[in-house]
Amino acid sequence: MNTAGDGMVGENQEENPQQEGPEQVEPCGTVSGRSKGDVSLSPEQEEGRETQRRSERQKSNQQRKRQDESTCQARSLEDPSEIMVQQRVHMKEKLYNCPECGKSFAQISNLLVHQRIHTRERPYKCPDCGESFTRNSDIISHRSVHTGDRPYSCLECGKCFANFSSLISHRRIHTGERPYTCPDCGKSFKRSSDLSKHRRLHTGETPYKCPECGKSFTQSSNLVSHQRIHTGETPYKCPECGKSFKQRFSLIVHQRIHIGERSYKCPDCGKRFSNSSQLIRHRRIHTGEKPYNCSECGKSFSQSWGVLRHQRIHSAETPYKCSVCGKSYKGKDSLKSHQKVHTA
């Protein structure tokens with residue numbers, strides 16, 4: 001026996017057989033919303049149909065919301081603890097606070113996952129390479145690196161992804177959509193995680209703390225990079241000469257030596273450099289800029305090493321020592337001049 005809702009759907013289908021219901025995701029190769037025999041619609045008709053679709057979706061969402069509220073009320077008679085959780089989700093009430101950074105969550109399970117940021121716990125380990133992750137969803141995405149499984153394909157450019165959420169984020173490159181807006185400055189982002197990182201600029205929050213020296217950072221990737229100072233780890237190795245680096249960017253800059261790439265050109269003399277910092281230092285020759293000042297006498301220098309070398313005049317420091325006689329000097333040039341005495 002059909003319910004009243006079922007009967008209404010049947011009547012609508014008889015009156016307008018081609019009327020579309022809520023939008024559905026179709027398999028690759030199908031044509032959405034039109035059979036082979038359909039006559040092409042004018043732009044006005046297409047716009048009218050799209051308006052109708054939006055109206056149907058809004059009605060469907062409102063019905064689901066009312067059903068959720070009814071379900072919550074029904075459950076309250078059966079399981080009071082369950083209804084409390086449901087109500088927190090609907091009301092966006094966040095009762096579980098992180099003792100480290102103060103961030104709040106509606107459910108304790110989300111708090112427990114979040115706390116792994118501070119404890120550095122990574123319980124999900126990849127059986128192929130041993131890399132560990134804080135969440136199960138992260139390891140599922142990671143394993144596609146080994147399996148090569150990327151079932152989600154972008155219709156615009158053909159790029160494939162291991163999970164649907166990555167595809168959704170990627171598609172915003174083509175659409176230009178930036179749905180996540182900062183309430184402080186109005187800047188918009190493609191991903192919610194990018195907005196969360198950005199907002200720490202306004203709040204000053206630095207939840208990622210180094211256990212060695214106590215220095216804290218806004219992003220976990222910055223903490224990982226920083227910790228290599230303490231461990232001495234240099235995981236980025238040049239395939240040409242074998243030299244290793246702490247940062248991936250440092251390796252990229254270094255590799256320009258081998259390929260001869262010099263992308264940064266001086267607008268004054270045309271000289272080229274492999275990285276922007278070299279160009280900035282060089283341009284001080286033309287501008288006369290000397291941003292490094294001696295705290296003792298006020299003398300200025302264009303390079304940081306210049307002021308460091310100069311300050312030894314004011315101190316008794318003589319770091320350059322002769323390996324033959326043990327005599328020491330303030331500068332490297334002075335040591336080289338002295339060493340000629342031994343080689344003469």
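A short reminder: the numbers here are calculations on the coordinates, not readings from a lab. Just so we're clear, the structure is a prediction, and the values are computed from it rather than from any experiment. Note that each Cβ is placed from the backbone with ideal geometry, even for glycine, and that neighbours are counted across all protein chains shown.
Quick notes
- Computed lengthening from SER334 to ALA316, 0.36 nm per intervening residue step minus Cα-Cα distance: 5.0 nm
- Only lysine pairs 8 or more places apart, or on different chains, with alpha-carbon atoms under 15 angstrom apart are counted in region 292-343, and they number 7.
- Region 292-343, Rg to Rh (Cα coordinates; Rh as Kirkwood inverse mean 1/r): 1.08
- Under-5 Å amide H pairs with LYS299, H placed in peptide plane, nonlocal only: CYS294
- Trypsin sites (Lys or Arg not before Pro) within region 91-139, DSSP loop, no more than 16 other Cβ atoms inside 10 Å: LYS92, LYS94, ARG120, ARG135
- Computed from backbone phi with θ = phi - 60° and the Karplus coefficients 6.51, -1.76 and 1.60, the 3J(HN,Hα) list for region 165-176 is 5, 5, 5, 4, 5, 4, 4, 5, 5, 7, 7, x Hz; x is used for glycine and proline.
- LYS215 versus SER153: modelled label distance in nm, points set 7 Å from Cα along the beta carbon direction: 4.7
- Segment ARG284..LYS327, full-extension length gain: 12.0 nm, with 0.36 nm per residue of separation and the alpha-carbon distance subtracted.
- Under-25-angstrom lysine pairs by C-alpha in region 187-250, whenever the two are 8 or more apart or on separate chains: 7
- For LYS243, the residues whose amide H sits under 5 Å from its own are CYS238, ignoring neighbours fewer than 5 places away on the same chain, with H placed 1.01 Å from N.
- The local environment of ARG135, defined by Cβ-Cβ distances under 15 Å, has a net charge of +2 under the rule Lys, Arg +1 and Asp, Glu -1.
- Sparsely packed trypsin sites (Lys or Arg not before Pro) within region 255-314, loop by DSSP, other Cβ within 10 Å at most 15: ARG262, LYS271, LYS299
- The radius of gyration of the Cα set in region 236-287, together with its Dmax, comes out at 12.8, 38 angstrom.
- Calculated from backbone phi, Karplus (6.51, -1.76, 1.60) coupling profile of region 241-251 in Hz, x at Gly/Pro: 10, x, 5, 10, 9, 6, 10, 5, 4, 4, 5
- Spherically averaged projected area in nm², based on the convex hull that wraps the Cα atoms of region 213-261: 4.0
- Computed from the C-beta positions of SER295 and CYS129 and an R0 of 41 Å, the FRET efficiency is 0.25 to the nearest 0.05.
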